[in-house]
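We did not get these values from a lab; they are worked out from the coordinates using the rules stated. Here the structure is a predicted model, which means the values were calculated and not measured. Here Cβ is always computed from backbone atoms with ideal geometry, including for glycine, and neighbour counts include all displayed protein chains.
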Amino acid sequence: MHKVLLATVAALAVTSSAAQAQFDRVKIGVLSDLSGIYEGVPLPERSVSQSGTLPDRIRLFRRPILDEWADGDDTLEHLVAHVLVHEVGHHFGLSDEDMHALEDAVA
């Protein structure tokens, strides 16, 4: 399933934590809470006239994910999958609010 979801995302990267510039774009509470980010143009916003843009990328941030895992009850596998699916949702044009509503609907 992940291969299908990521077919149009050029890269998946895992780094220790977000850079300040990445954090500034998402406007969440504190840098250490940012566990992943989608960098690219969401599918609904793409145009045939776009060219020369960088490939889409999903970045997962190891330190915040490990911190959440150490402090919580979820498995590491579940947390990584959750963050990855969340960022893929952004790739498909879903907002954070859209994804939270979907999560609440299936909970």
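Taking only Cα atoms and a 10 Å spring cutoff, compute GNM fluctuations for the chain and point out the largest among ASP96, ASP73, ASP56. Of the options given, ASP73 has the highest mean-square fluctuation.
For region 47-93, taking the reciprocal of the average inverse distance between every pair of different Cα atoms yields a Kirkwood hydrodynamic radius of 12.6 Å. For ASP104, the shell of other residues with beta-carbons less than 13 Å away shows a net charge of -4, using +1 for Lys and Arg and -1 for Asp and Glu. Sparse packing (at most 14 other Cβ atoms within 10 Å of the Cβ) combined with a DSSP loop state is found for the following trypsin sites (Lys or Arg not before Pro) in region 14-107: LYS27, ARG46.
As an equivalent ellipsoid, region 14-73 spans semi-axes of 28, 11, 10 angstrom, where each value is the square root of five times an eigenvalue of the C-alpha gyration tensor, largest first.
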